[in-house]
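The block underneath contains the structure these notes are about, expressed in structure tokens.
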Amino acid sequence: MVGGGQLARMSHQAAIALGQSLRVLAASPGDPAALVCADVHLGNPDDLDALRDLARGAEAVTFDHEGVPGELLRTLQAEGVAVHPRPDALLHAQDKLVMRRALEGFAGTPEYVEVADAADVDGLAARTGWPVVLKAARGGYDGRGVWLLDGPDPGLVAQLLASGTPLMAEQAVTMRRELAVQVARSPDGQAAAWPVVETVQRDGQCVEVLAPAPDLDPATAAAAQELALRIASVLDVTGLLAVELFDTDGTAGGLVVNELAMRPHNSGHWTIEGARTSQFEQHLRAVLDYPLGATESTAPVVVMANVLGAASPVVMPVDERVHHLFARFPDVKIHLYGKAERPARKVGHVTALGDDLDEVRARAVLAAEWLSTAVWADGWSPYDADARATRFPRTMQRRAVSRA
Ligand code: AIR
């Protein structure tokens, strides 16, 4: 796997169960996957020799991020390496303009233009009105590379173009919410879709995923899954495809494609505990051309919440935060990525399962905020008598006592 971030780290966990072993190309020995994989290559994804070394003896090469030059991947492919997704497919996740053009005609997309100068942005705004979303066509993620413009900003456009950032501009779509659909497709052409989820965004970044998307009309859900399967097939995707969608009016006709990713994706972290097959296992099954796994949910409601680096340094060490979290919520599952805590950086996630959306969501959000900040947002304290009594379900208390 090219890249040693959290996606590689969680893919490695899945690889172990398949009797496989993930070799990662990491930028530094402290990267989340480099900390846990036995077979770590340190190097740069734009170094052909590093990619060749990575691929030597491997069944397949796949990715934890999109920042890999397509021409190098084409060279590897020509040398007989199984690259999944193939570079011609991956290009659509690397370049938003190429993606928009490829989807024209069969998927709803925002109105967009390629930006060669500030007049292109103003021209789009003349048709769609302000605000307009200016995007780096390549290289942005998690809110980086996206600027919301309320009016003309020729200075910013000129500065970005001068620094070599390829730009596009899009209509700011009015939406009810954001959805995501993930599908996997194998080189053999087998495909599978997970239930459609709602993604909750803050400051351009995903903070929560609700699975399945609440109150989604079944016909719209089916249309979203069909759309993602169709995109996977038309673009000849191998491995995972995440399709981020805007839900503009609750109907199938109102689904607008925002972005594509061809790798495990934040919108699919819930599948580790919340689906019969996790996105990480499924990605490996797909790139290794194994039959795909079942995608049904394991609970009526699953909520994933990201643990983001706090705005200011947290005094309580992480392991102590984990200890307190487990004492309050024995059933919330955590995934910590081993990353340094910078403000708003994704350093982990939590998953809660259950029957009632409000209850499950409250639990997941409290847990994630606690791990981020060491503050219980609802004021809960383990030292309250009430809290001590309710901390464990009764049967667990009894078991703990009898063990002692
Ligand atoms: N990632 C890749 N594209 C989008 C995301 N979130 C994951 C990958 C990558 C890591 O985020 O796993 O390696 C980089 O995270 P950071 O916090 O170092 O920028």
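The values are calculated or read from the model by the stated rules, or taken from the named source; none is laboratory data. Computed from a predicted structure; not experimentally measured. So basically every Cβ, Gly included, is an ideal-geometry build from the backbone, and we count neighbours across all protein chains shown.
What the table shows:
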| quantity | calculated |
| --- | --- |
| When residues of segment 309-323 are limited to those that are surrounded by fewer than 16 Cβ atoms within 10 Å (Cβ to Cβ) and of a type outside the set (Asp, Glu), the one nearest to Gly143 (Cα to Cα) | Ala311 |
| Extreme residue, nearest to Val115 (Cα to Cα), among residues of segment 149-178 that are assigned to a loop (DSSP other than H, G, I, E, B) and in contact with a strand residue (DSSP E or B) (Cβ under 7 Å, 6 or more places away or on another chain) | Pro166 |
| Test result for Val181, more than 28 Å from Glu281 (Cα to Cα), among the β-branched types (Val, Ile, Thr) and outside any loop (DSSP other than H, G, I, E, B) | no |
| Top-ranked residue of segment 334-357 - restricted to ones that are aliphatic (A, V, I, L, M) and surrounded by 22 or more Cβ atoms within 10 Å (Cβ to Cβ), ranked as farthest from the ligand (Cβ to nearest atom) | Ala352 |
| Lone qualifier among Arg144, Arg138 - being closer than 20 Å to Leu91 by Cα and surrounded by fewer than 16 Cβ atoms within 10 Å (Cβ to Cβ) | Arg144 |
| Residues satisfying the stated conditions in segment 20-50, i.e. within 24 Å of Gly80 (Cα to Cα) and away from the ligand (no atom under 16 Å from the Cβ) | Gln20, Ser21, Asp39, Asp47, Leu48, Asp49 |
| Tabulated pairs, segment 330-356, first farther than 16 Å from Gln205 by Cα and outside the structural domain of Asn306 (by TED's automatic domain parsing), second within 16 Å of the ligand (Cβ to nearest atom) and among the aliphatic types (A, V, I, L, M), C-beta under 7 angstrom, 6+ apart or interchain | none |
| Leu72 touching a residue at least 60 places away in the same chain (Cβ under 8 Å), away from the ligand (no atom under 11 Å from the Cβ) and not assigned by TED's automatic domain parsing to the domain that holds Ala136 | no |
| Only listed residue being outside any loop (DSSP other than H, G, I, E, B), at pLDDT 95 or above and within 25 Å of Gly189 (Cα to Cα), chosen from Ala50, Ala58, Ala89 | Ala89 |
| Matching strands (runs of 3 or more DSSP E) fully within segment 261-365 where at least 3 residues are touching an Asp or Glu at 6+ places or on another chain (Cβ under 9 Å) and closer than 30 Å to His84 by Cβ | 301-308, 346-354 |
| Hey, His283 within 16 Å of the ligand (Cβ to nearest atom), under 28 Å from Ser372 (Cα atoms) and under 20 Å from the mean Cα position of the chain (by Cα) or not | no |
| Tally of residues being surrounded by fewer than 19 Cβ atoms within 10 Å (Cβ to Cβ) and within 21 Å of Pro154 (Cα to Cα) across segment 93-112 | 2 |
| Residue in segment 200-219 that is closer than 26 Å to Thr351 by Cβ, touching an Asp or Glu at 6+ places or on another chain (Cβ under 6 Å) and touching a residue at least 60 places away in the same chain (Cβ under 8 Å) present | yes |
| Set Val360, Val303: member being more than 16 Å from the ligand (Cβ to nearest atom) and closer than 22 Å to Gln13 by Cβ | Val303 |
| Hits in segment 150-172 (condition: under 29 Å from Gly108 (Cβ atoms) and aliphatic (A, V, I, L, M)) | Leu156, Val157, Leu160, Leu161, Leu167, Met168, Ala169, Ala172 |
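Residue-wise test of (1) in a strand (DSSP E or B); (2) not acidic (Asp, Glu).
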| position | (1), (2) |
| --- | --- |
| Val200 | yes, yes |
| Val207 | yes, yes |
| Leu216 | no, yes |
| Ala222 | no, yes |
| Leu240 | yes, yes |
| Glu244 | yes, no |
